[in-house]
Amino acid sequence: MPYTSANPRAFAALMTFLNLEVNGDPTTEDTALYTWFDELIKISYDEAEGYCGQPLRTGNVNYQFYASKAQRGLEANHSWKFIPYNAGTTLTTLQWRENEFATYANYDAGNFAWNAEPYANYIIFRDKTNGQFKATLSTGYTDANMPYTILQGIAEMSALCYKQSPQGGNWFGLNSVSTGGAGQNVSNSLKTDIDWHKYFAQFVIPTV
């Protein structure tokens, strides 16, 4: 049975980068290697998302802000708030509460708009100058929609982890790598060699 990766395009990018072909009828050793590659891809995504400060894989985040901290708009009762997340981000719901002891309630859809730009997103709202907003955001990409620049970065990061792994007696040194040990060595390798940072430049956001 062919091996099925949890991240098919990232897996294919890694195999291409390493100049390896996937065995259509993998042996037990092949499957162990491919499973390890998937683990390296996951570790690389974790590290890249930490560097970027936002999810790159599909997920939901909550972003809270005070109405008083927003920028005033062109009209007196209009305001806009910069939303730092920009990796395939869309606004799911917007809620507002009067103070920290109040309960969030959905904000009138007619009083806000979502404005998406290539490198920045904004929520435009009106009729509120006080209180606190909570924006629920859908952000990140599925493997099928992952931008090529991210896939390239993940492939190079994973290849770095693979090439930095201890060499043992088994094929590609697989028998000398434990999950815990690989995680520790992987983190050190990725933090030491940061050439992969360039692939994620447009996705690095301010600390929020």
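Among the residues of region 14-50, just one is more than 15 Å from C161 (Cα to Cα), among the hydrophobic types (A, V, I, L, M, F, W, C) and part of a helix (DSSP H, G or I), namely A32. Yes or no: G88 more than 30 Å from I150 (Cβ to Cβ), not charged (D, E, K, R) and not in a strand (DSSP E or B)? Criteria not met by G88. Being crowded, with 16+ Cβ neighbours inside 10 Å and either over 15 Å from N121 (Cα atoms) or free of Cβ contacts under 8 Å to residues at least 40 places away in the same chain (or both) is the requirement here; does R72 meet it? For R72, the condition - crowded, with 16+ Cβ neighbours inside 10 Å and either over 15 Å from N121 (Cα atoms) or free of Cβ contacts under 8 Å to residues at least 40 places away in the same chain (or both) - is not met. Search region 51-85 for residues being part of a strand (DSSP E or B) and charged (D, E, K, R), and hand back the single one that is modelled with the lowest pLDDT. Restricting to residues being part of a strand (DSSP E or B) and charged (D, E, K, R), the top hit is R72. Checked against the criteria, G50 does not count as in contact with a Gly (Cβ under 8 Å, 6 or more places away or on another chain) and not hydroxyl-bearing (S, T, Y). Determine if region 136-151 includes at least one residue that is in a helix (DSSP H, G or I) and of a type in the set (V, I, T). For region 136-151, residues in a helix (DSSP H, G or I) and of a type in the set (V, I, T): present.
The values are calculated or read from the model by the stated rules, or taken from the named source; none is laboratory data. Source: prediction; values computed, not measured. When we count neighbours, we look across all protein chains shown, and the Cβ atoms used for this are built from the backbone with ideal geometry, even at glycine.
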